[in-house]
Each structure stands twice: as C-alpha cells, then as structure tokens.
Amino acid sequence: MAQLIDGKKISKDIKDELKEQVAQYKEQGVEIALAVIQVGQDPASTVYVGNKKKACEYIGIKSVAYELPEETTEAELLEIIDKLNKDDSIYGILVQLPVPKHISEDRIIQAIDPKKDVDGFHPQSVGALSIGQPGFVSCTPAGVIQLLKRSGISIEGKECVVIGRSNIVGKPMSLLLLRENGTVTICHSRTKDIKEVTKRADILVVAIGKPKMIDASYVKEGAVVIDVGIHRDENNKLCGDVDFDSVEPIASAITPVPGGVGPMTIAMLMNNCVEAVEIRNA
C-alpha cells in the first residue's frame, strides 16, 4: 500500500503557521492585504476566488475583491492594476485566469508590480527562479515541493520526471526540483518512448491535462507519484491525470485527487502573500 500524501492536512499545517506570522506582523502594525480581480463569471474561477477569500479570512489577511463584468476592457483592467501597484496597503495582486478573450493575459501579468506578483507568473519572478534569486514562485509547483518535504520524501539525488511543460506548472516544477538537487527530465507531447523515460523516475510529477492517462505501465515500482491534474470523469467524479486505482498498488507514495495537490496551491498563495512583506522590504 502506497503512503497517501495528505494535501489537506499539510495545507492546514502551513496555514496555521502563516496565521501566527500574520498575527506577529499585525502586532508590528503591518496589515497584509491581497487584491483579487475576477473578470467575468467563469464558474471554476468563482469557486477558486471564493476559496482564496476563505483562506485569507482564516489566516488574517485582508481580502480586497474586484468582481468585474465580462465586457471590462483591457485598458480598464490595466488602470485598476496600476492603481493597486501604487497602493502601499496592498501587498499582493492576483488576476484570476483565464481572462476573457479580448484581454491579453501576457499584458495583464506583465503589468503587475513584480513585488506584488503573488501568483509568481511575472517574467521577472520566473527569471529570478531560473537563476536562483529570491522572488515569488508559482503556487502549485511550490506546493508540490512542500508536499514532498513534509511527507519525509527526499528529492536530492533522485531521478525526477515532470510530465508537462506549461509555464504555470511544468517549467517552474522542473526548476524547483533542480534547486532541491534532483536530476530532472521533462516529458511532453513530442517525447519519444515516454514510458521508458517515466519508468526511470523515483519521483514522477504529472501535469499533462488528460484524465487518468498515466496508468501503472508508466510507473516504476516504488516511485513517488504526484498528480497535479483535476478533471471530472464519466461519472462526474473528480479525478486526476493519474489512474489512481492502477498506480497506487505499485507506488511508494501518491497524492489523491481531490485532497492532494489542490489544497496546497491556495496554501502557497497565502505563503506568498506573507512573503510579500519581506520581498517589499528587500
């Protein structure tokens, strides 16, 4: 039986630690505020934004919400970001993605002050990560590192394989594993003989966006398997990119979906909001 990596418990531990830090900052007269901007009414985005507000409330971070209509122009959105960049009471700015088609995601991400980029998507944040300088790290990959460390799984010297090369998960994930002294390979849709590569992995991180694609034939006996995907299957039940029932018997540790990586993303967003105090003063 594989060790089940409990993201709910680990994320709660992190949030409790952050709650104490936030209380200490308040004693010093520092109130951390996060501005969350949502354009339109995408149902998944509305759920995420609600979860972020709940997490802020739990930890003691002030949440400032901007719920904008679908037809908001790019210029109007940029104006709000500019105002928030200049507002010293705001420590973090988050624009919930995706934005409507008429707005350029790249332009919006680049408009956010890197010192308030708690999502870790700004090119300056990504560049800092790639050369090992301090800065915000994309929340989901940062959460995966915490899951491994807090479950007693060492990364150093391990063969790590990341399936997926997105800017939000795959690329930063590979850089973070490298930073922890893992030996890293990235697989993607053009990788030849993908199973040969994935079967070498001591730690396999799957972020491919295809429900239950990775079954036992991709996984080495005793590997640690981290599933970043989230989908609904044919019975409308939540599932990941990994076929859990097939892989769990041969893995040494595995994340469930739900309750694995998901809760960590918001915990690490909260962590970034608290780190924003140090980053602003650096």
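Please treat every number below as a calculation from the coordinates, not as lab data. Please read all numbers here as calculations on a predicted model, not as lab measurements. Using ideal geometry, Cβ is built from the backbone for each residue, glycine included, and neighbour counts are taken over all protein chains shown.
Observations on the model:
- Among LYS171, LYS26, LYS199, residue whose mean-square fluctuation peaks in a GNM of the chain (springs only between Cα atoms under 10 Å): LYS26
- Net charge over other residues, Cβ less than 14 angstrom from the Cβ of CYS239 (K, R count +1; D, E count -1): -4
- The chain, relative contact order in percent, only Cα pairs under 8 angstrom and at least six apart counted: 22
- Neighbour counts of other Cβ atoms within 10 Å put PHE244, PHE136 in the fewest-to-most order PHE244, PHE136.
- Dipole magnitude for the range 12-93: about 380 debye, using +1 per Lys or Arg Cβ and -1 per Asp or Glu Cβ, origin at the Cα centre.
- Share antiparallel - DSSP beta bridges, the chain, percent rounded to 5: 5
- Selected from ILE131, ILE103, ILE32 as most flexible by GNM, with the chain as the system and alpha-carbon contacts under 10 Å: ILE131
- Nearby lysines by direct alpha-carbon distance to LYS149 (threshold 18 angstrom, same-chain neighbours under 8 apart not counted): LYS8, LYS9, LYS12, LYS15, LYS158
- Reported to the nearest whole Å, the Cα centre-to-centre distance from the range 85-109 to the range 164-233 is 29.
- Our coupling estimate for the range 96-105, obtained by passing each phi through the Karplus curve with A = 6.51, B = -1.76, C = 1.60 and θ = phi - 60°, is 5, 9, x, 9, x, 4, 6, 10, 7, 4 Hz, Gly and Pro reported as x.
- Residue order for THR198, THR73, fewest other beta carbons within 10 angstrom first, comes to THR73, THR198.
- With contributions of -39500 (n - 2.57) from each DSSP H run of at least four residues, the per-residue ellipticity at 222 nm computed over the chain stands at -13000 deg cm²/dmol.
- Distance violations [Cα-Cα > 29 Å] among LYS26/LYS116; LYS52/LYS199; LYS86/LYS171: LYS52/LYS199; LYS86/LYS171
- Inter-part distance, the range 113-128 to the range 1-70, computed on C-alpha centroids, equals 18 Å.
- For the chain, a crude dipole built from +1 on the beta carbon of Lys and Arg and -1 on the beta carbon of Asp and Glu, taken about the Cα centre, is about 480 debye to the nearest 20.
- Most fluctuating residue given options LEU147, LEU176, LEU77, as computed from a GNM of the chain linking Cα atoms under 10 Å: LEU77
- Arranged from fewest to most other beta-carbon atoms within 10 Å of their beta carbon, ILE10, ILE112 become ILE10, ILE112.
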